[in-house]
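Undergrad: I'd like to ask you about the structure that follows.
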Amino acid sequence: MTRKHPIAVLGGGSFGTAIANLLAENGHHVLLWMRDPEQAESIRTLRQNPRYLKGVEILAQVEPTTDLPSTLDACELIFVALPSSALRQALQPFATQLGGKMLVSTTKGIEADSFMLMSQILEQIAPDARIGVLSGPNLAREVAEHALTATVVASQDEALCRSVQQVLHGRTFRVYASSDRFGVELGGALKNVYAIMAGMAAALGMGENTRSMLITRALAEMTRFAVKLGANPMTFLGLAGVGDLIVTCTSQKSRNFQVGYALGEGLSLDEAVSRLGEVAEGVNTIKVLKCKAEELQVYMPLVAGLHAVLFEGRTLDQIIGVLMRGEPKTDVDFISTDGF
Ligand SMILES: NC(=O)C1=CN([C@@H]2O[C@H](COP(=O)(O)OP(=O)(O)OC[C@H]3O[C@@H](n4cnc5c(N)ncnc54)[C@H](O)[C@@H]3O)[C@@H](O)[C@H]2O)C=CC1
Ligand SMILES: O=C(CO)COP(=O)(O)O
């Protein structure tokens, strides 16, 4: 069923464009807001987004626009696919227009000074809005090219979850629901950091055992951190936890993985980021995560190790040595020994 109002997607990068196309395929009229008029014009005339999703045809029902106030006025359901560094600054001036709307963040990052997740920022900007997040193993190019994909919409607002499922669920895209917005969103933000490490390990020619160890210990570490913040560890067994961790730590298509790969090849962080030319949220996340883990006294050796390599002048060899010689710990933190 098509909706009375158009649906808005804010952000004309690879993920915003992919989501806009999915909505259009399901018969919806989509306003795709982007700040760059040239980019909007090329979508209008070429039906392509050559910078971010080259080769993918953008359907006619996707209407590119650079007019944010009119877009917000026209739409009840709004997907936000802006980089975490831009979200607050882009939407704060339009706070009054966001009241009562359904705002669904797809952004997988953490705000630097406040340690807020993007849906928390949306809630702060627009306390009367209805808030959700969309997260999962969703590489934009694969979504756009119709690889069979699943995602999670998370909100305590069940009607919002149902609306998102209705508009996005389709031939190649399954949308599961969750009421654990915080856990789902945190999983998406944290996994980017470990993808950088996985990219480094791949560039150094490390084996499959190493990759499996990294992913599994990453899951242990991110879950431990999340539990300290009050999240439900079970959420990390789902698509937005381990699902997203696996895809981002194993795919060359992940930008965080690519940054790690470039670092493993010997590029500096600045060189790696500028060679990418797209958003790699893990680079900012590692900084805030390291501080927060220290503040909360959560044991996160992988995060501490990556931070030391990127910002404290330590070499990868030194850190690998430290990690491998560290005191062995228990395998799974959350198994109760009572009754076993
Ligand atoms: N690309 C992917 O596979 C996926 C990305 N995401 C998340 O989506 C978010 C956006 O990522 P992508 O679309 O991949 O980024 P991208 O690097 O492909 O594009 C970023 C877009 O944001 C725009 N932008 C930057 N600053 C802006 C500002 N101040 N105001 C307005 N627009 C601005 C850029 O012009 C560009 O269109 C990230 O948090 C990412 O983690 C989530 C799932 C999958
Ligand atoms: O979140 C993603 C896949 O689910 C995309 O990861 P990257 O931002 O590393 O490309």
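The numbers here are math on the coordinates, done by the rules we state, and not lab data. None of these values were measured; they are calculated from a predicted model. FYI the Cβ positions are ideal-geometry reconstructions off the backbone, even for glycines, and counts take in every protein chain you see.
Undergrad: Top mean-square fluctuation among 323, 77, 139, Gaussian network model of the chain, C-alpha springs under 10 Å?
TA: The residue that fluctuates most here is 323.
Undergrad: Per the helix-only calculation at 222 nm, which mean residue ellipticity applies to the chain, given -39500 (n - 2.57) for every DSSP H run of n ≥ 4 and division by its residues, nearest 500 deg cm²/dmol? Can you show the working numbers first?
TA: Details: 16 runs with 170 residues, N = 340.
Helix-only estimate at 222 nm: -15000 deg cm²/dmol.
Undergrad: Could you tell me what % of all Cα pairs in the chain have separations over 36 Å?
TA: 19
Undergrad: Got a sec to turn the phi values of region 24-41 into Karplus ³J(HN,Hα) couplings, 6.51 cos²θ - 1.76 cosθ + 1.60 with θ = phi - 60°, whole Hz, x for Gly and Pro?
TA: 5, 4, 7, x, 8, 7, 10, 9, 9, 8, 9, 7, 9, x, 5, 5, 4, 5
Undergrad: Let me ask you something else. Give the calculated FRET efficiency between residue 268 and residue 41 to the nearest 0.05, with a Förster radius of 35 Å applied to their Cβ-Cβ distance.
TA: E between residue 268 and residue 41, to the nearest 0.05, is 0.50.
Undergrad: 5 Å is the cut-off here: which amide hydrogens, built 1.01 Å from N in the peptide plane, fall below it relative to residue 150, excluding neighbours closer than 5 in sequence?
TA: The list, which skips near neighbours in sequence, is 174.
Undergrad: A further question on this structure: Classify region 190-325 as rounded, prolate or oblate from the Cα gyration tensor: take a ≥ b ≥ c as the square roots of its eigenvalues, call it rounded if a/c is under 1.5, otherwise prolate when a/b beats b/c and oblate if not.
TA: rounded
Undergrad: Check which residues have an amide H placed less than 5 Å from residue 129's amide H, if you skip close sequence neighbours.
TA: 100
Undergrad: Shifting gears a bit: Which pairs break 18 Å Cα to Cα here: 54/191; 108/228; 253/290; 228/292; 4/108?
TA: 54/191; 108/228; 253/290; 4/108
Undergrad: Another one. Given a 10 angstrom Cα cut-off, can you work out which residue in 47, 325, 130 is the most mobile in a GNM of the chain?
TA: 325
Undergrad: Just the number, please: percent antiparallel of the DSSP beta bridges in region 7-179, rounded to the nearest 5.
TA: 15
Undergrad: Right, next: Return the sequence-ordered ³J(HN,Hα) values of region 265-276 in whole Hz as given by the Karplus equation 6.51 cos²θ - 1.76 cosθ + 1.60 applied to θ = phi - 60°, using x for Gly and Pro.
TA: Those phi angles translate into 7, x, 6, 6, 4, 4, 5, 5, 5, 6, 5, 5 Hz.
Undergrad: Could you tell me what percent of the DSSP beta bridges with both partners in the chain are antiparallel, to the nearest 5? Please report the intermediate quantities before stating the final value.
TA: Numbers: 5 of 30 bridges.
Antiparallel: roughly 15 percent of the beta bridges in the chain.
Undergrad: Running a GNM on the chain with Cα contacts under 10 Å, which residue among 207, 260, 183 ends up with the highest mean-square fluctuation?
TA: 207
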